[in-house]
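The next block holds one structure in the form of structure tokens; read it before the comments.
The values are calculated or read from the model by the stated rules, or taken from the named source; none is laboratory data. Note that the coordinates shown come from a computational prediction; the quantities given were computed from them, not determined experimentally. Virtual Cβ from ideal backbone geometry, glycine too; neighbours counted across all protein chains shown. Remember, those area values only see protein heavy atoms, side chains included, never the ligands or the DNA or RNA. Shrake-Rupley method; radii C 1.70, N 1.55, O 1.52, S 1.80 Å.
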Amino acid sequence: MAGILRLGLIGAGRWGRIYIKTVGDTPGVRLHRLASTNPDSRALVPDDCTISEDWRAVATAGDLDGVIIATPPALHGEMAGAAIKAGIPVLIEKPLTTDAAQARAVLALARKNAAIVLVDHIHLYHPAYGELKRQGLGLGKIHGIRGAGGDWGPFRSDVSVLWDRAGHDVALCLDLMGETPESLSASLKERRETLDGPGETLAITLNFPGGVTADIAAGNLMERKKRFLAVHYDHETLIYDDESATPLVREPRPAGTCDQAPGEIIDVANKPPLDGVLDAFAAAIRCGEPDIAGLELGVRVVEVLAVCEVSLRQGGKTLRFHP
């Protein structure tokens, strides 16, 4: 598909505004339609962008090459379904949904319609994570994973900390392992009221085949923003840290030995991961072939989080995972 791709966006909230800026800075695409009820939205978009209050006017528009959904997750399933039925490629902000049955229904619809559907698990598109996967291929088997993600806030009323925060780490672990866990648990480590709202810190453990365990901390009570993933291979550890000036480091393991060599800083491209997301979406549209690999991963993430939710309600009980 040649020429400039015309994209539609549903939602002009915090992430929607970031998409607006990124689309505006990305060659080969432009924002053609926006669905928003915010009267201030006109100032955010180009003059030739059509604004509609009804999201259906964007999800089913015949003059679009693709639609981005950046609304609360409870709305994702219906909106994505409308776009898929209209034959329009879709990029959905994570999480895909907060309901496993609804996520599987979106996947079934996408398969039926030979659709193009991507889910924006943004850290999968970070250059440092891509390099971690590449280098990890030569380091032997994965023996364990440790990760953490969170910040102070946001304190949301429409989505829990589990669904708001843990999806990033779960997506990274599932992508790295290439399979789903055999069992998992999720426990509440801290809950307290703040001046900004109720906050939580969660501990999640994913138990993969072969005895590999991924331990994840997620929450909105962290004093500073965190997003790191340490992956332990046979003799070395690769550490992805989105908040560091050196986002990928390679260290010998086991750590803490007296003669341990210093970690090696690995150079990676300085490219915002959302640019990579839009590049992948544009490439899929131009290719024109069905593409639901990202959607399939998105469904697995939802299924894992749904079982984590049950484990939380049961006081952190370890549960078998049956997708």
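A few notes on this one:
- For residue 155, the solvent-accessible surface computed with a 1.4 Å probe is close to 50 Å², ligands and nucleic acids excluded.
- Placing dummy labels 7 Å off each Cα toward the beta-carbon, the span from residue 78 to residue 14 is 2.4 nm.
- Residue-span extension gain [residue 56 to residue 193] - 0.36 nm each, minus C-alpha spacing: 45.5 nm
- Close amide-amide hydrogen proximity is noted between residue 236 and 253, each under 5 Å apart and 5 or more residues distant or on a separate chain (H modeled in the peptide plane; Pro and chain starts excluded).
- Karplus 3J(HN,Hα) series, Hz, for the stretch 118-128 with 6.51 cos²θ - 1.76 cosθ + 1.60 (x for Gly, Pro): 10, 10, 7, 8, 4, 6, 5, 9, 6, x, 5
- Antiparallel beta bridges, as assigned by DSSP with both residues in the chain, represent about 60 percent of the total such bridges.
- Principal-axis tilt of helix 14-25 within the chain, Cα atoms, nearest 10 degrees: 70 degrees
- FRET efficiency for residue 270 and residue 213, using Cβ-Cβ distance with R0 set to 35 Å, rounded to 0.05: 0.60
- Here the stretch 226-323 has 51 percent of its accessible surface on carbon and sulfur atoms, given a 1.4 Å probe and all protein chains in place.
- Computed [θ] at 222 nm, helices only, for the chain once each DSSP H run of length n ≥ 4 contributes -39500 (n - 2.57): -10000 deg cm²/dmol
- Length added when fully stretched, residue 25-residue 114, from 0.36 nm per residue minus Cα-Cα: 29.1 nm
- Å² per residue, accessible surface of the stretch 154-284 at 1.4 Å: 47 Å²
- Both radii were evaluated on the Cα set of the stretch 148-263; the Rg over Rh quotient, with Rh as the Kirkwood radius, amounts to 1.01.
- With a Förster radius of 35 Å applied to the beta-carbon distance between residue 320 and residue 159, the computed FRET efficiency rounds to 0.85.
- Cα convex hull of the chain, projected area averaged across orientations, nm²: 17.7 nm²
- Label-point separation in nm, residue 86 to residue 143, each point 7 Å along Cα→Cβ: 5.2 nm
- Set of lysines near residue 133 by C-alpha distance (under 28 Å), chain-local residues within fewer than 8 positions excluded: 94, 141, 225, 226, 271
- FRET efficiency estimate (nearest 0.05) - Cβ-Cβ, residue 135 to residue 47, R0 41 angstrom: 0.35
- Reduced Cα scattering model of the stretch 185-253, Debye log10 I(q)/I(0), q = 0.19, 0.29 Å⁻¹: -0.91, -1.20
- With DNA, RNA and ligands ignored, accessible area of residue 40 (1.4 Å probe; Å², nearest 10): 100 Å²
- Sequentially through the stretch 76-83, phi angles give Karplus couplings (6.51, -1.76, 1.60; θ = phi - 60°) of 4, x, 5, 5, 4, x, 5, 5 Hz, Gly and Pro residues having no value and appearing as x.
- For the stretch 179-323, the direction-averaged projected area of the alpha-carbon convex hull comes to 12.6 nm².
- Solvent-accessible area, 1.4 Å probe, carbon plus sulfur percent, for the stretch 67-132: 55 percent
- For residue 90, the residues 5 or more places off, or on other chains, whose built amide H falls under 5 Å of its own are 67, 116, 117, 118.
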